[in-house]
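Here's the structure, in structure tokens; my notes come after.
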Amino acid sequence: MGRPRRPLLSRDRIVATALALVDAESLEAVSTRRLAAELGVSGPALYNHFAGKDAIIDAVVDTVLGEVDITGFAGVGAEGTPWPDALRQWARSYREVLAGHPHIVPALATGPGRRPHALRMADAVFGALVDAGWPRAQATRVGVLMRYFVTGSALGSFAGGFPDDAAVYAGTYPHLDQAHLLADAQREIDESAFEAGLEALMAGLTVRYAAVVAERGGDAGADGGPDPAPGRTGGAASGQNL
């Protein structure tokens, strides 16, 4: 009886194995040597599919970003989905995806690079905001602001970082006399804090959007509308790094 056939090596297998390592351990756990061992192949075989470790990490991160729901941006524009609703839907999906793969968050700090899913997401966010009437420069800032908020919230649990030993706080930190209870309510606290922050951002951005419309003499309203001056940049460069 012959040996069982080993699955063919492919980009998808390499990425899936690397992602499993990242999820179980960390980004630092990924190396070409470790991956080759996990896949049962020689190290050089990986180079038929990727230039090196950095390219593999890029592919892993982009695979995760491909899980983020950006469909809500497709309907933004005149008489379409309100831009705040689209941002809310995207932010919640983004955070949920990152919560499932928290170890990749540090790799997002460098921006989208050449990652296709990351660039597609940046294009969707920026394009929807411009279609809603935001000036291009301000649409960039809104997208970056939202990205900072979501990725920051996914870095770890603030509530879960408090020791559950009441003696740590007794007599020294009088205002933290209930802090030892936070860990038990970690999920609820983290989620409610995220929602509170998201709504605060939406409220502030809605006020800012109304001011933008007023400055332009337009009447797009809080739900957004077409950009009356699509070439206007608000006097600043309008890069995209979402």
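The values are calculated or read from the model by the stated rules, or taken from the named source; none is laboratory data. These figures come from a predicted structure and were not determined experimentally. In this analysis, Cβ positions are derived from the backbone assuming ideal geometry, glycine residues included, and neighbour counts consider all displayed protein chains. We work out accessible area using only protein heavy atoms, side chains counted, and drop any ligands, DNA or RNA first. Shrake-Rupley method; radii C 1.70, N 1.55, O 1.52, S 1.80 Å.
Tabulated results
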| item | result |
| --- | --- |
| Surrounding net charge for S192, when Lys and Arg each add one and Asp and Glu each subtract one, Cβ distance under 14 Å | -2 |
| The chain, relative contact order in percent, only Cα pairs under 8 angstrom and at least six apart counted | 22 percent |
| Cα-based Rg / Dmax (Å) for segment 1-89 | 18.8, 67 |
| Residue-level accessible surface for E38, protein heavy atoms, 1.4 Å, Å² | 100 Å² |
| At 1.306 mPa s and 10 °C, Stokes diffusion of the chain via Kirkwood alpha-carbon radius, µm² per second | 77 µm²/s |
| Accessible surface, the chain, averaged per residue in Å² (probe 1.4 Å) | 54 Å² |
| Charge dipole magnitude, Cβ of K and R +1, D and E -1 - the chain, Cα centre, debye nearest 20 | 1300 debye |
| Segment 9-74: relative contact order as a whole-number percent, Cα under 8 Å and 6+ apart | 34 percent |
| Inter-centroid distance (Cα atoms) of segment 23-66 relative to segment 134-181, Å | 31 Å |
| Linear extension gain, T71 paired with V41, 0.36 nm per residue minus alpha-carbon span | 6.9 nm |
| Full-extension gain in nm, S192 to A109, via 0.36 nm per residue minus C-alpha separation | 27.4 nm |
| Choice from Y148, Y169, Y47 showing the highest fluctuation, given a GNM over the chain with Cα pairs closer than 10 Å | Y169 |
| Two-site label geometry, E199 and S10: point separation in nm, points 7 Å out along Cα→Cβ | 4.6 nm |
| Amide proton proximity set for V76, modelled H, under 5 Å, gap of 5+ | T81 |
| Sequence-distant residues sharing a close amide H with G133 (under 5 Å, placed H) | G225, D227 |
| Dipole-positive endmost among W90, H117, G80 within segment 78-123 (Cβ charges, Cα centre) | H117 |
| Exposure of D85 as accessible area (Å², to 10), given a probe of 1.4 Å and all protein chains | 70 Å² |
